[in-house]
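Trainee: Structure provided below as structure tokens; questions to follow.
FYI, it's all coordinate maths here, none of it is from the lab. In this text, all values refer to a predicted model and were calculated from it rather than measured experimentally. Cβ: placed from backbone, ideal geometry, glycine included. Neighbour counts: every protein chain shown.
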Amino acid sequence: MSQSQIVEVFGKFAVSLEDGPKLFDTLAEAEAAETQFLKGAEFREAAAGFNAYAGYEGKNAKGKANVIVAFLEWEALGRPEAKPVAEEEAAEVAETEEVADNGHVDF
């Protein structure tokens with residue numbers, strides 16, 4: 001990828017995207033947005049090429065393309081660590097695990 005255009009401004013990180021400059025709370029968020037903006041078309045084209053090669057069509061192809069694009073973005077960002085799980089998401093995961101452990105839902 002070309003040289004990054006991310007600038008720190010008052011503790012936030014600014015990057016110019018398709019619809020103008022945007023501020024992000026973290027450098028990682030700004031880098032992800034910049035990568036998606038700069039490389040998105042290339043990644044979507046690669047995903048479409050793979051789907052055509054594999055013979056995937058319709059909704060199946062769209063879902064696979066989304067995963068392929070996300071993977072290519074992750075690669076382009078240098079394989080960053082997993083994002084921290086928000087409290088609401090952690091509660092949903094815990095609830096799902098409880099259902100799996102008990103075999104039923106406690107109301």
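Trainee: Take residue 46 and decide whether it is within 17 Å of residue 74 (Cβ to Cβ), small (Gly, Ala, Ser), surrounded by 14 or more Cβ atoms within 10 Å (Cβ to Cβ) and over 15 Å from the mean Cα position of the chain (by Cα).
Mentor: yes
Trainee: From the set of residues in region 1-35 that are part of a loop (DSSP other than H, G, I, E, B) and touching a helix residue (DSSP H, G or I) at 6+ places or on another chain (Cβ under 8 Å), which is surrounded by the most Cβ atoms within 10 Å (Cβ to Cβ)?
Mentor: By that ranking, first place goes to 6.
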